[in-house]
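Worksheet for the structure shown next.
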Amino acid sequence: MGQKRTPGLIKRGGVWHVDKWIKGHGRLCESTGTSDLDEAAHLLNRRLAQLREEHVFGRRADHSFRQAATKYLNEHTHKRSLERDARSLKSLDREIGDLPLARVHQDSLRPHLSKRLAEGISAGTLNRDLAVVRRILILAARAWRDEQGMTWLETAPLVRLLPNDGARRPYPLTREEQQLLFSELEGHLARMALFKVNTGTREQEVVQLRWEWEIAIPDLETSVFLIPSAQVKNKTDRVVVLNDVAKSVIDSVRGEHPEFVFTRASKPLTGMNNSGWKAARRRAAARYEETLKAPCPNGFRRIRVHDLKHTFGRRLRAACVSFEDRQDLLGHKSARITTHYSAAEITTLIEAANKVCQEPSRKSPALLLLRSAGTHVSAEKIGGKGGNRTLDPGIMSAVL
C-alpha cells in the first residue's frame with residue numbers, strides 16, 4: 001500500500017517538494033529538504049502560515065536562493081565575469097537553490113563545500129563561489145526590496161572564505177628565465193609576451209589591442225595606446241606607454257592586420273593562456289636545469305601569463321621607479337587623472353619604462369627571440385616553434 005498523498009507535496013529523488021498554487025502569491029515551488037512526509041507536511045503548513053502573515057500584516061516575503069541568483073544574473077549582464085558567476089551559481093543551485101535566503105549561511109553551505117573539496121576542487125575556486133553567494137546576500141539585505149518595501153533579507157549572514165594556503169603566488173621571471181621561456185614560444189606568443197613584460201598590460205588588453213587606440217606623439221617620435229575603460233579591468237581608461245622594446249614589437253607587427261595589433265595567421269586571438277603557452281612552459285621547464293644549472297622551481301613550471309605583468313612591476317621597483325609612476329605604467333587605479341599627460345610627463349614615463357630593458361650585459365630581454373628551442377636561427381627571424389616573421393630593423397637596435 002502506497003504512502004498517502006498530501007496536496008501540495010510531491011516526492012522527487014527521495015525528497016518532498018512543495019508545488020502548490022497560492023492565491024495572492026502565485027505558484028510556490030521549493031524543497032522541504034526532508035524525506036519524511038509528516039515533517040514535510042508540517043513545513044508546508046508553517047510556510048503557508050508565513051505567507052498568510054506576509055499578505056495580511058506585510059511581513060517580509062520569503063525568497064529562495066534561486067530567485068535571488070536569477071535576479072543577480074539579470075542585473076549584472078554588464079559584468080565581465082558573469083559567465084564565471086553563472087557557473088558558480090549553477091553548481092550551488094543543486095544544493096541550495098530551493099532554500100529560502102534566510103537559511104543560506106555558513107552551515108547550510110558546508111555540505112556543498114565538503115562535497116566539492118572531496119571532488120578535488122581547489123579552495124581558491126570554491127572561494128570564488130562563496131564570494132558570489134556573499135554578494136547576493138548583501139544585495140538582498142541592503143538593496144533589493146519586495147512589494148511591501150521591505151528588503152529581501154533582514155541581515156546578511158557572515159560567510160567566511162576557506163583557508164587557501166596553497167594559493168598560487170606570483171612568480172616574477174629573472175632575465176635568464178625569461179629568455180628560456182620565451183625561446184620556446186611560437187612567434188605570435190613570443191611577440192605578445194615580450195610586449196606584455198615591457199608594458200605591464202593584462203592578457204586581454206594585449207589580445208584586444210587595436211590600432212585605432214594608438215595615439216601618435218610626433219614631438220617625441222613615439223606613440224601611446226589609450227585603451228578604453230570597457231576593455232580595462234578597473235573600468236578606467238588606460239594609457240599604455242611604450243619603452244624601446246615595446247615600441248619595436250609594435251613596429252614589427254604594423255601592417256599585419258587592419259584592426260588588431262596582435263594576430264596569428266592574420267586572424268584575431270582570444271587569449272595567450274592556451275595549449276601553445278602550456279606546451280612551451282613544459283618544454284622550458286624540461287630544459288631549465290641543463291640551461292640554468294639549477295633545479296627548476298615549481299613557480300616556473302606553473303608560470304602564468306599574468307606573471308609577466310608581475311615581472312614588469314618587480315623590475316620597475318628594482319629600478320627605483322617611483323610608486324606613482326609604477327601605478328601609471330601598470331594601469332593601477334589611483335586618484336590622479338591618468339589619461340591626461342603632458343609631453344614632459346610622457347617622457348618621464350618612457351624613461352622609467354626603459355629602465356627595465358637596460359641591461360649591464362648583453363642578456364637583453366628580447367635576445368631570446370633570436371633562438372628557437374635549442375637551435376640557433378638567423379637574426380632576421382623572430383620566435384620559437386612557429387616564428388618565421390622578418391624582424392623590423394628597429395627591434396634589432398632596441399634589444400641587442
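Annotation: the residues 77, 155, sorted from fewest to most other C-beta atoms within 10 Å of their own C-beta, follow the order 77, 155. If you sort the three axes of the alpha carbon gyration tensor as a ≥ b ≥ c, you get a/c of 1.5 or more for the range 65-142 and a/b no higher than b/c, which makes it oblate.
Label separation (residue 110 vs residue 168): 3.1 nm, computed from points 7 Å beyond Cα along the C-beta direction. For the range 91-191, the Stokes-Einstein estimate of translational diffusion at 4 °C and a viscosity of 1.567 mPa s comes to 77 µm²/s, using the Kirkwood hydrodynamic radius over alpha-carbon pairs.
Evaluating 6.51 cos²θ - 1.76 cosθ + 1.60 at θ = phi - 60° for every residue in the range 60-72, the Karplus couplings come out as 4, 6, 9, 10, 7, 5, 4, 4, 5, 5, 5, 4, 4 Hz, glycine and proline recorded as x. For the range 161-283, a Kirkwood radius taken over Cα pairs fed into Stokes-Einstein (10 °C, viscosity 1.306 mPa s) yields D = 100 µm²/s.
Under 15 Å from a label point set 7 Å out along the Cα-to-Cβ vector of residue 256, no amide N atom of the range 296-315 is found. Neighbour counts of other Cβ atoms within 10 Å put 211, 152, 144 in the fewest-to-most order 211, 144, 152.
A P(r) calculated from all alpha carbon pairs of the range 275-334, with 5 Å bins opening at zero, reads 4, 16, 19, 16, 15, 12, 12, 5, 1 percent.
Every read-out reported here was derived from the displayed coordinates using simple, explicitly stated rules and does not represent laboratory data. None of the values given here were measured: they were computed from a predicted structure. Note that each Cβ is placed from the backbone with ideal geometry, even for glycine, and that neighbours are counted across all protein chains shown.
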